[in-house]
1. Taking Rh as the Kirkwood radius computed over C-alpha pairs, what is the Stokes-Einstein D of region 162-224 at 37 °C in a medium of viscosity 0.692 mPa s, expressed in µm² per second?
2. Could you tell me which of the pairs Lys176/Lys243; Lys3/Lys76; Lys176/Lys199; Lys159/Lys270; Lys27/Lys275; Lys111/Lys243 are separated by over 28 angstrom between their Cα atoms in the structure shown?
3. Please report Rg over Rh for region 159-283, where both radii come from the alpha carbon positions and Rh follows the Kirkwood definition.
4. In whole Hz, with x marking every Gly and Pro, tabulate ³J(HN,Hα) for region 10-16 from phi via Karplus 6.51 cos²θ - 1.76 cosθ + 1.60, θ = phi - 60°.
5. Once amide H atoms are placed 1.01 Å from N in the peptide plane, what residues at a sequence separation of 5 or more from Gly101, or on another chain, have their amide H within under 5 Å of its amide H?
Amino acid sequence: MTKRILVVLDPGHDTHTATQYAIEIAKANDGAVTGLALIDRKRINEATAGGGIGSMYYAEKLKRDLGDEVRGEAQKLLTQFMEEVESAGARHTDDHIAEDGIVQAITDDMKTHDLLVAGHESHFYYADPERRTHALAEIVSHGAAATLVAEAEYRAINKVLVAYDGGTAAARALQKFAHLSPFGTELDMEMYHIRNAGKEAELESERMLQGAASYLEGHGFSNIDRTSVEGGDPLERILSQQKATDADLVVSGAYSASGLKKLLFGSTAKGLIEKSVVPLFLYH
């Protein structure tokens, strides 16, 4: 069950949708939501840097003014969030504003929450899609909780497409989704695998999907389809299947490897973040 849901608050339109999902999940599970507003102190410092010694006073004043303005906006977001949650008859707890180290602040809070819900276009992802994906990769990869990425338009979650390749990341994502059951178990579930060519690969795919389906059944899910297809680009296959079946949510594993200060995100998960038009449930 999903008892504690963390919501990243942002001026973007998809934050309202993220809050809707969080409220829905909290009420269904007798849980509570936490609002987290962020102040990017590093970006404020960068915006006010430059100039010589004579301009230091003005730079510091601008930094204070910007900080006060951003803090005021963060508090406004937090107040609006609390009002929306209370109006919906849900509970909220530990709402707060965090400064400095945005990714660190989010992953720290994820340690005491079951699920992070954030809008796809949240400003902490940055305007640049590449930087946005990189930031989300860090959050998904290092956060203890699962992540639900919401789009701007709300849609009820009734049909779920699970991208499953039998790997560790996919298995963890499947297990996390089953354990949390954020949208209940009365869902139309489709286990989807892109297999290699050949009869042996087909039989192995069927065996693997049967095992995954049995796992879901053991956790209360009953309406489960299994689809195995041969070859093709995994990302395009998943996106095409989502469109063909009109799935409301895609569940996917994500993996990362760090080294030489470079974070690599699974290409399929990265592509889903960039191209999916429906919410994503991601776990490492």
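Read the figures in this text as sums done on the coordinates, not as results from a lab. Quick caveat, the model's predicted, so the values are computed rather than measured.
1. Working: Rh = 12.1 Å.
Result for D is 271 µm²/s.
2. Numbers: Lys176/Lys243 24 Å; Lys3/Lys76 25 Å; Lys176/Lys199 31 Å; Lys159/Lys270 22 Å; Lys27/Lys275 30 Å; Lys111/Lys243 34 Å.
As for pairs spanning more than 28 Å Cα to Cα, those are Lys176/Lys199; Lys27/Lys275; Lys111/Lys243.
3. Working: Rg = 14.2 Å, Rh = 14.8 Å.
Looking at region 159-283, the ratio lands at 0.96.
4. Per residue, the Karplus-derived 3J(HN,Hα) values read 8, x, x, 5, 6, 5, 4 Hz.
5. Arg41, Lys42
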